[in-house]
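Taken together, the values in this text are just the output of simple stated rules run on the coordinates, not laboratory data. Quick caveat, the model's predicted, so the values are computed rather than measured. All Cβ positions, even for glycine, are placed from backbone atoms using ideal geometry, and neighbour counts span all protein chains on display.
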Amino acid sequence: MKRLILAIVLLTITVPVARGADNLADVLGVVHIQGKYSFGPSDFLDQGADQVLATGSRVIKLEMGPTYASKYEWNCTWPKCSTLTELAQTPYFKSVFAKPFKTYIITTYSLTIPGASRPDEYWLKGITPEQQSAETQSFYDFCTYLMRTYNGTGKTFIFEQWEGDWALRSDGPSPRKNKPTQTNVRGMIDWINAREAGIQKARRELGSRSDVQVFGCLEVNLVANAMDPKFDWPTVTNDVLPHTHVDFASYSSYDTMGNPSETNGFPAAIRYIVSKLPDTAVNGRSPRSVYVGEFGVAEGNKPASQVNAVMNNVLGTTIKLGMPYACYWEIYSNELARNAPPPPENGKNAGVKGFYMVRPDGTPSTAWHQYRLRIITSDPDRATTDGVLQRLTNVYTSSFASSEAGSEDLGKGWTADTAGGAFRIVAQSGHLEMTRSGSPGGDAHATATLNLAAAAGRALRPGEYVQLALQRESDSGVVGVCLFGANHGCGSAAGEQPLQVQSNGIWTPLSFALDGSHPACDWNHPRTLGMRLDSADGTFATVSFYVDGKYAGSWIYRTDAKTLDRVGLFAESDKENAAFRFEDLWVYLAK
């Protein structure tokens, strides 16, 4: 009896309850599978994973299966692998599994199964005892490897398959259009349970000796059909899921993601899936045992308002119901536009349909801004300047001496660019003034740039911060900063303006609200502008901006830099005598 009680306790320890949506970095995931473009020389798997991290997310969805080389082909030389364990041991997957993700959701297929020409759909004709055994052994070996290799990291691995309802309809001449047979349904049930048996065996044997969690999942996608009492075809939700032994159900949610109805929309679909969960569901029959495996909008073809509406519907429901994950499709778009050659020329956004967070031209999408806003503002260490500064130390404070533009008296590490004399820069009494001089007509700009290494001892590394006070003393013009060669500031018109960035020659708002609007403020009064370097991986850098102590937006930069070396004070105006003031520049580095 004592042994039985101990076994029950150990089994409980190995299957911890997934957390609700309190830390959104551990809930909002991003997919990285078969993007159609890349940036820089790094291997594609690592590169996309780095950009998922740069959104703030610690949840990534990948694919591991027989077509691994085509899913991550850029700058990669893949070895021949015959098992999932061998694939996990390649330098590319070892590298991505070493990154600071908390959860890996993986569309997973055994690489070789006896008598199976297609390891992802052979089960449509039924599954033999030999094939069942091979699936169980494949997932047991894979899970055992992960639990041993990554013990001590606390990582979670969840193994699912691609959109089950489309797969269930693939037995016939017209993919996705064939009515499933009972053979198809029984084959899927046996296949999923064979995989799950390997996962559970590994968990029973190693769970008490590893803090790595491994789970099995079944992905459904045509839930609107399943909910419709008039629909008489078999569905994965109704006819497969209840007969499996899985831990989670995943929902690829394109059929309801834009519908907020509690009757037949996305919230209703989640509750319906919950009602069909098996007894083995990790958190019982509750929304915490269901996650969103895919949602996303082809932003190249749809307005930003539709992107925001879908994201708010899906993510609002995810958070409200305490669901563990929601994965956006995806970091780089995986679909080409009609008649576009593969791959699109770098910088040609029209070459893809727009399922992206980072566009082909390297700029962020609406979805990227939504994720940044939600993740950063949900983190007390990131939402405000006070949170950011908890672990940092002030190492430099501006001390402007009285001087003229171009003079070395600006202070150690400072240089000035006055755009051919159109501006005058004067630093005095602890502040710096930029004044438009010369004849009006046409925009002119000025920049005073601080070399951080010369002034603060070294450049900013990710997690470190710069802050200054600034204002425009006229009714128009741009006051702001220059980072990574890009100018940032308020809009040039009079009145309240959002924080903007000059991207591809156009001033673009970088301040976003969840409804897609651009929060603005009055820059004619003193404002505190802070900048946190969030990432710099040699391909892109990301920066969070703070206005008056609160998170105000983010931007992403194409750069091979891994630190922020310089910060420029920037002003632009077409009006004579327009004036701009800067003061109290502080640099904070890690303690």
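Spacing of the modelled spin labels on Ala419 and Ser275, each 7 Å from Cα toward Cβ, amounts to 6.4 nm.
Suppose we keep just the DSSP beta bridges with both residues in the chain; what percent of those would be antiparallel, to 5?
70 percent
Loop-resident GluC sites (Glu not before Pro) (DSSP state other than H, G, I, E or B) in segment 215-311 with no more than 15 further Cβ atoms inside 10 Å of their Cβ: Glu262.
On full extension, the segment bounded by Thr528 and Arg285 gains 82.6 nm, given 0.36 nm per residue less the C-alpha separation. The mean sequence separation of alpha-carbon pairs under 8 Å and at least six residues apart, normalised by the residue count of the chain, gives a relative contact order of 13 percent. Annotation for Asp381 and Ala494: the two label points, set 7 Å from Cα along the Cα-Cβ direction, are 4.6 nm apart. A simple rule links phi to the HN-Hα coupling: the Karplus curve 6.51 cos²θ - 1.76 cosθ + 1.60 with θ = phi - 60°, which for segment 307-319 gives 4, 5, 5, 5, 5, 5, 5, 5, 6, x, 5, 4, 5 Hz, with x for Gly and Pro. Placing dummy labels 7 Å off each Cα toward the beta-carbon, the span from Asp228 to Asp475 is 6.0 nm.
What ratio of Cα Rg to 2.2 N^0.38 Å holds for segment 114-189? It would help to have the intermediate numbers written out before the result.
Numbers: Rg = 15.4 Å, N = 76, 2.2 N^0.38 = 11.4 Å.
Rg over 2.2 N^0.38 Å, computed on Cα atoms: 1.35.
Each principal axis of the Cα cloud of segment 2-379 was evaluated for its coordinate range; sorted largest first, these ranges are 61, 50, 46 Å. Residues in segment 256-267 carry Karplus couplings, in order, of 9, 4, x, 10, x, 4, 7, 9, 9, x, 4, x Hz; the curve used is 6.51 cos²θ - 1.76 cosθ + 1.60 with θ = phi - 60°, and Gly or Pro positions show x.
How big is Rg to Rh over segment 535-575, alpha-carbon atoms, Rh as the Kirkwood inverse-mean-distance radius?
Details: Rg = 13.0 Å, Rh = 12.1 Å.
Result for segment 535-575 is an Rg/Rh of 1.08.
Seen from every direction in turn and averaged, the convex hull around the alpha carbons of segment 316-411 projects onto 11.9 nm². Both the radius of gyration and Dmax for segment 403-535 are 15.5, 47 Å, in that order, over alpha-carbon atoms.
Here the convex hull built on the C-alpha positions of segment 32-99 has a volume of 83 cubic angstrom per residue. Over the chain, DSSP H runs of length four or greater, each weighted -39,500 (n - 2.57), average out per residue to a 222 nm ellipticity of -7500 deg cm²/dmol.
Straight Cα distances below 25 angstrom link Lys80 to the lysines Lys36, Lys61, Lys71, Lys94, Lys99, with same-chain residues fewer than 8 positions distant left out.
With R₀ set to 35 Å, the beta-carbon distance separating Ser133 from Gln89 gives a calculated FRET efficiency near 0.95.
Note on Ser261 and Asn23: with the Förster distance fixed at 35 Å, the Cβ-Cβ geometry gives a FRET efficiency of about 0.75.
Can you work out the FRET efficiency for the pair Asn301 and Lys99, with r the C-beta to C-beta distance and R0 = 22 Å, to the nearest 0.05? Working shown, then result.
Working: r = 32 Å, r/R0 = 1.45.
Taking R0 as 22 Å, the efficiency between Asn301 and Lys99 is 0.10.
The phi torsions of segment 189-202, fed into the Karplus equation with coefficients 6.51, -1.76 and 1.60 and a -60° offset, translate into couplings of 4, 5, 5, 4, 5, 5, 5, 4, 4, x, 5, 5, 5, 4 Hz, rounded to whole numbers, with Gly and Pro shown as x. Over all distinct Cα-Cα pairs of segment 463-549, the Kirkwood formula returns a hydrodynamic radius of 13.6 Å.
Loop-located trypsin sites (Lys or Arg not before Pro) in segment 41-98 (DSSP state not H, G, I, E or B) with no more than 15 neighbouring Cβ atoms inside 10 Å: Lys80.
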